[in-house]
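Here the structure is laid out as structure tokens; the discussion comes afterwards.
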Amino acid sequence: MSAGTDLGIVVRDGRFAPAADEAFVAIESAEEAAGIGNRAIEVANAIAAEALGPHLASIPAIAIRFPAFNDGRGFSLARQLRRLGYKGTLRARGHVLADQYPMALRCGFDEVEITEAQAARQPENQWVDAYQRIRHNYQDRLKYGAA
Amino acid sequence: MYTYNEFDEAFVRSRVAQFRGQVEKRLDGSLTEDEFRPLRLMNGLYLQLHAYMLRVAIPYGTLDSRKMRQLAHIAETWDRGYGHFTTRQNIQYNWPKLKDVPDMLDALADVGMHAIQTSGNCIRNVTSDHFAAAAADEIEDPRPTAELMRQWSTDHPEFQFLPRKFKIAITGAPNDRAVVKSHDIGIRMVRGDNGEVGYEISVGGGLGRSPFVGKVIREFLPKADLLPYLESIMQVYNLSGRRDNKYKARIKILVHETGLDEIRAEVEELFPQIREEFTHPSDELLAAIEPHFAPPAFVEKPLGDYEAALAADPLLRSFVETNVVAHKHPSYAIVTISLKPVGGTPGDATAEQMRVMADIAERYSHDELRISHEQNVILPHVAKADLPAVHAALRDAGLGTANVGLISDIIACPGMDYCALATARSIPIAQEISTRFNELKLEHEIGQMKIKISGCINACGHHHVGHIGILGLDRAGVENYQITLGGDGAETMTLGERAGPGFSAEELVPALERLIDAYLKVRRDRQESFLEAYRRLGVAPFKAALYPDQAKDAA
Ligand code: SF4
């Protein structure tokens, strides 16, 4: 994990797991991404998706920072990365509310990482509940004709 | 009228259940007000000056009698027996108790309504022409497209946390009654080179503290491409809109600072990629919605009695002159019910009045009602032969005010009486103006006049596009009203110009009287409206009337 953060709870399939000692290398620019090779990276939500484009195939995981729950740029960035063909793990990292969990998943994230403090306020059952709500939505019907 | 299918029904019910849980958590203290705030806002629940306020969406302003009766029932059961229709085709309840709100939402769901996305930084209730499918000048009914956009924008996972709120309006007629160019996205249905119907898309319109007229980003968008194109605009905005300053966060500022051409280039680059994600083109999706909006079965009724009644009854004549306009079907008419009685609160209706309107609509308007952004209620399909009966029923319920489009048909935001952001009162000002000009018996003489009043710089009362706009400010603790002149919200949208220094609440109505007096003196004839006279003569004669002392000084 990059230095100076107090995150630590990863939510996958609605369940809490402590963040393993994953090494996400913080990247501030496209140039830095060029030399990154086979490592997981962490990016700000303001980075341009296309800048990462050429390197996506080799990056196993990308964490997009959510500085505040009401800053929704990460949702669009995740969709752009998926559209560019990114197949690795996408993590929403930071201030994401349980009610936003289905939105994150529907935008292409695989998992969310929150602080221990937030996990204490929004315990696992809230995320399990939210996880149930992912399917019943208008956009899948309009886009893919899903029932 | 669009009726919910199983999917819509289940969706709305699950949202109510979810909110019920959140309210319980708030009431037992396990959610703080800070944590509860974004959740309640997602469901249209605001905290106002004195109480909570629930804002209910009336999608594209269309209702039937069943829905209107339910709105009456909600007003009576959980509020103080009335509701307030807003400039965004919503209805607001000003006095609900938090514990009752989930029940109110369930009652709405019973008739296929909701309060989802009537607040927060998301895509808000899509608004449209209140004369849709009835107006003679229409290219096509815009409401199927509006309904498609409602579905697409509801709970859209990517666009719930935009830099700022986002408003979309659509009109299907060349005469723009929906003020589309004052919206973040404004859509006009237009014909392409081969006569096919598509959309002209504008972006970056808005009123508020920095008003802009929307700019055309795509002159002709085929129906098939609608949702992917909108999604492209939204994605550009979500990623690039400013988040450092909430007053600069609307898309109008992004378009203004970045430049339309650059924004267009970004949108057009994304568009083909996003279109690939849609397996169904938007025209196919529309085709599934269109049958819900099939026109009613119009019937021919003989007009003899109507013409006799018109000749005999001056009140009916006056009502027809002001409140009734041509329908696309020659023996029908569109009736506007004024919610602006002299001295009343613009846009308020009691539960009893809502029921009367529902009954009349059921009996005489093919069971349809509309809410207009001018805070009136429309009966879109009334046979001319039924006009005398409709007028009589309205009059009995105190709804017969014949003032649509006249000086007392004022748009006013809630202002200091309800709104936590207000810097001045607006409803009492509207009441004073309508009372005064009613006393003077000048209303019909003055003719077409749109006065719009906002209680603060946020401009919910659309003062920028009022022929006369009034903006209430706070100057060192004292209300001060600024006047703008020459604004226009139609297809010729123009922002009004500030006339000069503001007036105190006491000075305002006399100043308006001088202004109107000047207009009556300088107009060519009765046909020339205030706005036309202003355009012909410029601001000078009106300024001189507003500020007679300055005029003297200059002389
Ligand atoms: S214009 Fe200002 S006072 Fe009026 S409703 Fe809007 S925010 Fe409130």
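Within a Cβ distance under 13 Å of A:Ala51, other residues only, what is the Lys/Arg minus Asp/Glu net charge?
-4
Report in % the part of the accessible area of the protein assembly as shown that belongs to carbon and sulfur, leaving out ligands and nucleic acids; probe 1.4 Å.
Carbon and sulfur: 51 percent of the exposed surface of the protein assembly as shown.
What fraction of the DSSP beta bridges in the protein assembly as shown is antiparallel, stated in percent and rounded to the nearest 5?
Just about 65 percent of them are antiparallel.
Quick check: from the Cα gyration tensor, does chain B come out rounded (a/c under 1.5), prolate or oblate?
In terms of gyration-tensor shape, rounded.
About the Cα centre of chain A, how large is the charge dipole given +1 on each Lys and Arg Cβ and -1 on each Asp and Glu Cβ? Please answer in debye to the nearest 20.
720
Determine the relative contact order of the range B:307-396: mean sequence separation of Cα pairs under 8 Å and six or more apart, normalised by residue count, in whole percent.
30
Using the crude model of +1 on Lys and Arg Cβ and -1 on Asp and Glu Cβ, and no other charge, please compute the dipole size for the protein assembly as shown relative to its Cα centre, in debye to 20.
For this selection, approximately 820 debye.
If I model a spin label at A:Glu32 and B:Asp28 as a point 7 Å from the Cα along the Cα→Cβ vector, what separation in nanometres do I get?
Placing both labels 7 Å along Cα→Cβ, they lie 4.5 nm apart.
With the dipole of the range B:142-292 worked out from charges on the C-beta (+1 for Lys and Arg, -1 for Asp and Glu) around the Cα centre, which of B:Thr171, B:Leu207, B:Trp152 lies farthest toward the positive end?
B:Leu207
Let me spell out the model: positive unit charges on the Cβ of Lys and Arg, negative unit charges on the Cβ of Asp and Glu, origin at the Cα centre of the range B:411-554. What dipole size does that give, in debye rounded to 20?
Dipole magnitude for the range B:411-554 comes out near 300 debye.
Per DSSP helix of 4 or more residues, -39500 (n - 2.57); summed, then divided by the residues of chain B. What does that give at 222 nm, rounded to the nearest 500?
The helix-only estimate for chain B comes to -12000 deg cm²/dmol at 222 nm.
When a/c reaches 1.5 or more, the comparison of a/b and b/c decides; with that in mind, is chain A rounded, prolate or oblate per its Cα gyration tensor?
Taking the square roots of the gyration eigenvalues as a ≥ b ≥ c, chain A is oblate.
When only C-alpha pairs under 8 Å and at least 6 residues apart count, what is the relative contact order of the range B:77-132, in percent?
Over the range B:77-132, the number comes to 25 percent.
Using r as the Cβ-Cβ distance of A:Glu22 and B:Ala288, and R0 as 60 Å, what FRET efficiency do you calculate, to the nearest 0.05?
The computed FRET efficiency comes out at 0.85.
Around B:Asn376, what is the net charge, scoring Lys/Arg as +1 and Asp/Glu as -1 over all other residues with Cβ under 11 Å from its Cβ?
After counting each charged neighbour, the total is 0.
Count neighbours as other Cβ atoms within 10 Å of each site's Cβ, and list the trypsin sites (Lys or Arg not before Pro) in the range B:512-554 that are DSSP loop with at most 13 such neighbours.
Qualifying residues, ordered by number: B:Arg524, B:Arg526.
Take the cross-link list B:Lys181/B:Lys248; B:Lys181/B:Lys521; B:Lys167/B:Lys450; B:Lys181/B:Lys328 and give me the ones stretching past 27 Å between alpha-carbons.
In this structure, B:Lys181/B:Lys521 exceed 27 Å between Cα atoms.
What value in Å³ per residue do you get for the convex hull of the alpha-carbon atoms in the range B:173-272?
Value for the range B:173-272: 95 Å³ per residue.
Taking the Cβ of B:Gly461 as the centre, find all other residues whose Cβ is under 12 Å away and add up their charges (Lys, Arg: +1; Asp, Glu: -1).
+3
Can you give me the C-alpha center-to-center distance between the range A:84-109 and the range B:21-79, rounded to a whole angstrom?
Centre-to-centre distance over Cα atoms comes out at 29 Å.
What FRET efficiency comes out for the pair B:His444/B:Leu47, r = Cβ-Cβ distance, R0 = 41 Å, nearest 0.05?
0.45
Name the residue from B:Leu339, B:Ala51, B:Asn121 whose Cα lies farthest towards the positive end of the charge dipole of chain B, charges +1 on Cβ of Lys and Arg and -1 on Cβ of Asp and Glu.
B:Ala51
Pick out, from B:Ala326, B:Ala135, B:Leu394, the residue whose Cα sits farthest towards the positive end of the charge dipole of chain B, with +1 on the Cβ of Lys and Arg and -1 on the Cβ of Asp and Glu.
Sorting the options by dipole projection puts first B:Leu394.
Under the classification rounded if a/c is under 1.5, otherwise prolate if a/b is larger than b/c and oblate if not, where does the range B:1-150 fall, given a ≥ b ≥ c as square roots of the Cα gyration tensor eigenvalues?
Prolate, since a/c reaches 1.5 and a/b exceeds b/c.
Taking a virtual spin label 7 Å from the Cα of B:Leu473 along the C-beta vector, which residues in the range B:178-210 bring their backbone nitrogen under 14 Å of it?
The answer is B:209-210, whose backbone nitrogens lie closer than 14 Å to the label point.
Please sort by residue number the trypsin sites (Lys or Arg not before Pro) in the range A:116-145 whose DSSP state is loop and whose Cβ has at most 13 other Cβ atoms within 10 Å.
Within the range A:116-145, the qualifying trypsin sites (Lys or Arg not before Pro) (loop, at most 13 other Cβ atoms within 10 Å) are A:Arg135.
Where in chain B are the DSSP H helices whose C-alpha atoms run 18 Å or more along the long axis and whose mean Kyte hydropathy is at least -0.5?
Sorted by number, the helices that extend far enough and score high enough are B:226-240, B:351-364, B:427-440, B:505-522.
Can you list, by residue number, the Cys in chain B that have no neighbouring cysteine C-beta under 4.7 Å?
Within chain B, the cysteines lacking a partner Cβ under 4.7 Å are B:Cys122, B:Cys419, B:Cys456.
State in Å² the accessible area per residue of the protein assembly as shown; use a 1.4 Å probe, count heavy atoms of protein chains only, and round to the nearest integer.
Per-residue value: 38 Å².
Probe radius 1.4 Å, ligands and nucleic acids left out: can you give me the accessible area buried at the B-A interface, summed over both chains, in Å² to the nearest hundred?
3200
Can you give me the C-alpha center-to-center distance between the range B:166-199 and the range B:208-235, rounded to a whole angstrom?
Distance between centres, Cα-based: 10 Å.
Between the range B:294-352 and the range B:503-555, what's the alpha-carbon centroid distance in Å?
33
Using 1/(1 + (r/R0)^6) with R0 = 35 angstrom and r between the beta carbons of B:Ala297 and B:Ala490, what's the FRET efficiency to the nearest 0.05?
Plugging the Cβ-Cβ distance into 1/(1 + (r/R0)^6) gives 0.65.
Give me the one-decimal Kirkwood hydrodynamic radius in Å for the range B:447-544, with the sum taken over alpha-carbon pairs.
13.6
Can you sort B:Thr32, B:Thr87 by 1.4 Å-probe accessible area, starting with the largest?
Sorted by accessible area, descending: B:Thr32, B:Thr87.
The values are calculated or read from the model by the stated rules, or taken from the named source; none is laboratory data. Being a predicted model, the structure only gives us computed values, none of them experimental. Positions of Cβ are generated from backbone atoms using ideal geometry, with glycine treated the same way; all protein chains shown enter the neighbour counts. To get the accessible areas, we keep the full protein, side chains included, count just its heavy atoms, and leave off ligands, DNA and RNA. Shrake-Rupley method; radii C 1.70, N 1.55, O 1.52, S 1.80 Å.
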